[in-house]
Amino acid sequence: MTMSGLHTSKKRLLRNAGVFLSIRDFVKKYQIENFFDIGFGVCHQLVVEKGLALPGKLILGSDSHTCSYGAIGAFSSGIDRTEAASILLTGETWLKVPHSIKITLSGKLKSGVYAKDVVLHIIGDISASGADYCSIEHHGELAQFSVDDRFVIANMGVEMGAKNSVFFVDNITKKYLNSIGVPSSSYEAIYPDENALYIKKLDYDLSKIGPLVACPHTVDNVKPISDVAGLDIQQFLIGSCTNGRFSDLKIAADILKGKKINKNARLLVLPASKDVLEKALKAGIIETLVKAGGTLLPPGCGPCLGAHQGVLAPGERCLSTSNRNFKGRMGCNEAEIYLASPATVAASSLYGKITDPRQEMR
């Protein structure tokens, strides 16, 4: 980086610090209760785990991955910051009712294959624009998907252009909401009409899906892991609002327990929230990941969007559990980002190369 580049970067950091101070002052002035400052984690994780997203509710937020809350049966969608500001001022907005796409998932996932592979398979099939301004409904054999799994799939709905990506309330949803102190009496679930019309119906056999990798520089550039196995990777990232939950960290820890990552590799561990971090600490998962060579980062977005601690150098590659692999996403437009499941990232970190996780799970 040039001296002028360093100067610009410092100015940007100082400006951001001023913005954060203004936000804290605003929160104090108006006595805003649900404010989560540094260390609490990613907003999308917090909105769900704090019980702020409820089934049947309309939730709009100034980030495209607001669609994550469809995991618990909410209609949630990202809007731009100008529109978010106008809602704060007026309490109103206009939305065009989206067409619906019905996705039916049948069969059972095989060992070593996860929700991340499922959503990458769908995106690779219909393309990054295949569901533009549509509401995606998930149907079929869904009992095998936890709320964590549903979060992964809903989170990446926007990567196929969707306005919303929803799982309807079932016993899995109710059990999860009850576990975080949200009784069924506090929400009213919404379900599709029996004669609901769909602009498109898609069917996928889960038993035919294997580990997948989204290659640079678009999320729909999806390839079977066999096509990219052996590719050298310098940095590995487990975290983000897509795959930074307790279950994701546990999957990685189960693979890495008693092992060491490749000496030339960097493994970044980024819990999605303080709550996730505390649970993982108590379960010994963080200890396992750190002993394997992982570096623990504070809960938050971090390197997912090139914010800090994990920005790539020109020519480097990162295999990440995050949701986007656009050029420059992690701070350098001369680097490459590959997306995969926590299992694939963990297994690959052992060798410093993209590796099929199933070989570490036999």
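The values are calculated or read from the model by the stated rules, or taken from the named source; none is laboratory data. Please read these numbers as outputs of a predicted model, since none were measured by experiment. Note: ideal-geometry Cβ built from the backbone for every residue, glycine included; neighbour counts use all protein chains shown.
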>> Test of understanding: among Ala84, Ala17, Ala74, which residue is out of contact with any helix residue (DSSP H, G or I) (no Cβ under 6 Å at 6 or more places or on another chain), more than 30 Å from Lys279 (Cβ to Cβ) and in contact (Cβ under 8 Å) with a residue 24 or more places away in the chain?
In response: Ala84
> Would you pick out the residues in the range 284-301 that are assigned to a helix (DSSP H, G or I), buried (at least 18 other Cβ atoms within 10 Å of the Cβ) and not hydrophobic (A, V, I, L, M, F, W, C)?
Replying inline: Thr288
> Say we look at the range 32-55 and pick out the residues that are more than 16 Å from the chain's Cα centre (by Cα) and free of Cβ contacts under 8 Å to residues at least 60 places away in the same chain; which of these is surrounded by the fewest Cβ atoms within 10 Å (Cβ to Cβ)?
Replying inline: Glu33
> Hey, does the range 91-100 have a residue that's in the same structural domain as Val182 (by TED's automatic domain parsing), closer than 30 Å to Lys175 by Cβ and not aliphatic (A, V, I, L, M)?
Replying inline: yes
>> I'm checking my understanding of the structure. Among residues of the range 254-281 that are within 20 Å of Val42 (Cβ to Cβ) and assigned to a helix (DSSP H, G or I), which one is farthest from the chain's Cα centre (by Cα)?
In response: Leu281
> Any idea how many residues of the range 302-323 are at negative phi, touching a Leu at 6+ places or on another chain (Cβ under 8 Å) and either crowded, with 24+ Cβ neighbours inside 10 Å or not in a strand (DSSP E or B) (or both)?
Replying inline: 8
>> Here is a list: Lys201, Lys102, Lys116, Lys108. Which entry is assigned to a loop (DSSP other than H, G, I, E, B) and touching a residue at least 40 places away in the same chain (Cβ under 8 Å)?
In response: Lys108
>> Restricting to the range 56-80, name every residue that is surrounded by 23 or more Cβ atoms within 10 Å (Cβ to Cβ), polar (S, T, N, Q) and either at pLDDT below 90 or not in a helix (DSSP H, G or I) (or both).
In response: Ser76, Ser77
> Within the range 122-133, is even one residue assigned by TED's automatic domain parsing to the domain that holds Leu58, touching a strand residue (DSSP E or B) at 6+ places or on another chain (Cβ under 9 Å) and within 22 Å of Phe246 (Cβ to Cβ)?
Replying inline: no
> Residues in the range 208-225 that are surrounded by 12 or more Cβ atoms within 10 Å (Cβ to Cβ) and either more than 23 Å from the chain's Cα centre (by Cα) or not in a loop (DSSP other than H, G, I, E, B) (or both): how many?
Replying inline: 7
